[in-house]
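Data block below; observations after.
The values are calculated or read from the model by the stated rules, or taken from the named source; none is laboratory data. None of these values were measured; they are calculated from a predicted model. Note that each Cβ is placed from the backbone with ideal geometry, even for glycine, and that neighbours are counted across all protein chains shown. For accessibility, only protein heavy atoms count, side chains too; no ligands or nucleic acids. Shrake-Rupley method; radii C 1.70, N 1.55, O 1.52, S 1.80 Å.
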Amino acid sequence: MFSKLPRNLKTIQMITGKPTTVPNKLITALVDMLNPNPSIDLKPILSYLMETMRVIIPNLNSLNMSVGMARKLMNAKYPARLEVNRILDLTDDEKLKRMAFQEKALKTQLTNEIKVEYKAILDIVDHVKESHKLADKIILACLASGRRGIEILRITDFAESKIPDRIHIRGVAKQKGSDILDCEIPLLFMKPKEFIDLIKLIRGYTDTAETKSMNNSRLSKKFMQNVINRVKKYFTITAPRVGAHVLRKIYGAIIAEQAKRADKSGLLATSEALGHHCLATTLHYDNIKILNYTE
């Protein structure tokens, strides 16, 4: 059936019944239409999905993310089918173009360095500690631990560590397969017990009967927009996009400064604290400089 359908956005919207231009919603809807059958010939279906994604997602970075999502959905519906990973993949040429695009974007990012005064960060920390607003509590948790917003809201498990000024974390938003991150990370601006209490306070608001039915995307949308608005208010940063992710970058930059003062690699320390699988990822966090840092 799928192999004979036209590959254009209007047709995809029609057959899925989704009047949306958001590619991931359309891809999910297409996969949901399939009835699991172990003996079904997946090749035409997978080819259709792949070619459809190429048509409605021209950006290679976005295409790569959607391909990963489609692969995950199909593997869950049809386990142990090798053709899923083989067909749902970028071509070698697409991979090379994506790498070239990423390198160019990284150079641009590193050239446009963001500078933040350390005292300004401390002032913001003092303010959000005293604030009773939920968004400010989330900002404090992100700055203190370097975790993503969704990890503060739901995904990551936190526990006190036996190592002073560290926190134990388990699970992150961008896990590689079944490899669950389980480690100790540095904690900034507060004691471990304070941080654990802060997480309990935040999740007292965000872990409700209503939110339990929400996926990660909807949960983030519900709580993180206020966080983004307040981040833009607190931090005077000239950059194309300033959002909650800058909190994670600031955490990483402070960890790097601490490592340098101990004659260690700032890049390696940041990579370990952020839970990255490779140093290349950490380079994308290297465009923030903390001015007048004091221990």
> Longest span of the chain, sites excluded, free of trypsin sites (Lys or Arg not before Pro) in DSSP loop with at most 10 other C-beta atoms within 10 Å?
Replying inline: 1-161
> Any idea what angle helix 60-77 forms with the longest principal axis of the chain, computed on alpha-carbon atoms, 0 to 90 degrees, nearest 10?
Replying inline: 70
> Kirkwood hydrodynamic radius (Cα pairs, Å) of the stretch 118-204?
Replying inline: 13.3
>> Not counting ligands, DNA or RNA, and with a 1.4 Å probe, what is Glu117's accessible surface area in Å² rounded to the nearest 10?
In response: 80
> Taking Rh as the Kirkwood radius computed over C-alpha pairs, what is the Stokes-Einstein D of the stretch 62-161 at 20 °C in a medium of viscosity 1.002 mPa s, expressed in µm² per second?
Replying inline: 119
> What percentage of the solvent-accessible surface of the stretch 52-207, computed with a 1.4 Å probe over protein heavy atoms, is contributed by carbon and sulfur atoms?
Replying inline: 55
> Of all DSSP beta bridges in the chain, what percent run antiparallel (nearest 5)?
Replying inline: 70
>> Could you tell me the relative contact order of the stretch 122-196? Use alpha-carbon pairs under 8 Å, at least six residues apart, and round to a whole percent.
In response: 25
>> Given an 8 Å cut-off on Cα distances and at least 6 residues of separation, report the relative contact order of the chain as a percent.
In response: 17
>> Averaged across orientations, what area in nm² does the convex hull of the alpha carbons in the stretch 70-119 project?
In response: 6.3
>> Nearest 500 deg cm²/dmol is fine: what mean residue ellipticity at 222 nm does the chain get from its DSSP H runs of n ≥ 4 alone, each adding -39,500 (n - 2.57), divided by its residue count?
In response: -18000 deg cm²/dmol
> Measuring with a 1.4 Å probe in the full set of protein chains, what accessible area per residue, in whole Å², belongs to the stretch 127-230?
Replying inline: 53
>> Taking a virtual spin label 7 Å from the Cα of Lys191 along the C-beta vector, which residues in the stretch 148-166 bring their backbone nitrogen under 14 Å of it?
In response: 160-161, 164-166
>> Just to be sure I understand: if I project the alpha-carbon convex hull of the stretch 12-121 onto a plane and average over all orientations, what area do I get in nm²?
In response: 10.1
> Can you give the Rg to Rh ratio for the chain, taking only C-alpha atoms and Rh from Kirkwood?
Replying inline: 1.01
